[in-house]
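The structure under discussion appears below in the form of structure tokens.
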Amino acid sequence: VGFGEAHTSYTSPGATSGVNHAGTGIDNNAVSSYRVAVNIMTDPNVSNANVLAIPGIREPLVTDYAADRVQRVHQLSFYPADIPSYDANGIRIFDGETGRYVDSEKTADQLDARVLDYNAIGVYFPSFVTDDTVNNRRVTLPASVAALGAIGYTDKVAYPWWAPAGLNRASLDDVKNTQVRLNQGDKARLYESRINPIVKLPNDGYVIMSQKTMAMAKSPLDSINVKRMVLEVKRIVVGAALRLEFENIVPELYTKFVQAANSLLSMVQLKQGIEGFRVVCDQTNNSAADVNENRINGRIEFRPTRAVEFIAVDFIITPSGVSFGA
């Protein structure tokens, strides 16, 4: 699919073994297979993964389906997605094709036309070149591979609620080149379309310089670190709540839930994931009807810690030196 398997006139030489390419659209064998795999990985009774990865798969019949599943069904994972590239004429370029050049503006235009509105996915661009040290050659990899590296490194040295972007956590030492070199105008255009660009900084190499989700509305959830924090809070609170299932519904049960949630959220706050929170589980949000349905309701309110994405420093040259603005 990422190499054009859903395209009836193109078959990737890297995906011909053992795959019947009959069918088009969602009836295409490759598309159908990936959608089944997505179903498995986004079934909350099967998977507790915090990231859904499908590197190099750009076909909207798969990626849009995966985005909808992580957003509305799984609700525990984040999906770093790849998108198709387009040339200056707005014609799609499939992986492995040569002779045409990727146009970042047309690529952004095509993504805009899909009208995606998901805060559980982030889109990255462009593909990059790195060294294959095993086979002693250079290979082109999809942008989401770089994103996965940044996310994994962020979780290793910090926590999911820290931004997987910038020099501290998204400096891409293994990137040797990119499919298209982005200038400041390209970067601004991609940011407008909520595409996270891989750019080359003078003296600092290649870096992911954005952390936008595909949410259309302006809110804290349009930042990847905030969304991943919400997912992590949900994961740990759900884990605590499962231990209370099948216990008798008495006032002490409400207290146990509040105490457990308070303890877990205090750790997140201590580690700078949230600035404040409140847990409610009492008669104000639990009625006799809830009890009759063998259910208790908990409500968690919290204020996320935001990441700085723009730093502006004003300075004025004066006869006595340089003074910085407030």
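For the range 149-202, the set of residues classified as of a type in the set (Phe, Trp, Tyr) and within 26 Å of residue 132 (Cβ to Cβ) consists of 153 only. Taken together, 229, 209, 216 contain a single residue that is surrounded by fewer than 16 Cβ atoms within 10 Å (Cβ to Cβ) and not polar (S, T, N, Q), which is 216. The set of residues in the range 35-50 that are open to solvent by 60 Å² or more (accessible area, probe 1.4 Å) and among the polar types (S, T, N, Q) comprises 45, 48.
Per this entry, residue 90 is counted among residues that are over 24 Å from residue 211 (Cβ atoms) and not hydroxyl-bearing (Ser, Thr, Tyr). Within the option set 184, 179, being polar (S, T, N, Q) and touching a residue at least 12 places away in the same chain (Cβ under 8 Å) holds for one residue only, 179. Restricting the range 51-67 to residues that are open to solvent by 40 Å² or more (accessible area, probe 1.4 Å) and in a loop (DSSP other than H, G, I, E, B) leaves a set whose member that is farthest from residue 84 (Cα to Cα) is 53. Could you grab me the full set of residues in the range 166-181 that are buried (at least 20 other Cβ atoms within 10 Å of the Cβ) and in contact with a helix residue (DSSP H, G or I) (Cβ under 7 Å, 6 or more places away or on another chain)? Within the range 166-181, 169, 170, 172, 175 qualify. For the range 259-303, taking the residues that are aliphatic (A, V, I, L, M), more than 23 Å from residue 155 (Cα to Cα) and out of contact with any Gly (no Cβ under 8 Å at 6 or more places or on another chain), the one that is most open to solvent (accessible area, probe 1.4 Å) is identified as 288. The strands (runs of 3 or more DSSP E) found entirely in the range 72-142 that carry 3 or more residues being open to solvent by 20 Å² or more (accessible area, probe 1.4 Å) and in contact (Cβ under 8 Å) with a residue 24 or more places away in the chain are 137-141.
Only one entry of 267, 216 meets the criterion of being farther than 30 Å from residue 194 by Cβ and modelled with pLDDT of 90 or more, and that entry is 267. Residues of the range 150-160 include at least one that is under 16 Å from the mean Cα position of the chain (by Cα), assigned to a helix (DSSP H, G or I), among the hydrophobic types (A, V, I, L, M, F, W, C) and surrounded by 15 or more Cβ atoms within 10 Å (Cβ to Cβ).
The values are calculated or read from the model by the stated rules, or taken from the named source; none is laboratory data. The shown structure was predicted, so the numbers you read here are calculated from the model rather than taken from an experiment. Glycine also receives a Cβ, built like all others from the backbone with ideal geometry; neighbour counts cover every protein chain displayed. Surface accessibility is based on the protein's heavy atoms, side chains included, excluding ligands, DNA and RNA. Shrake-Rupley method; radii C 1.70, N 1.55, O 1.52, S 1.80 Å.
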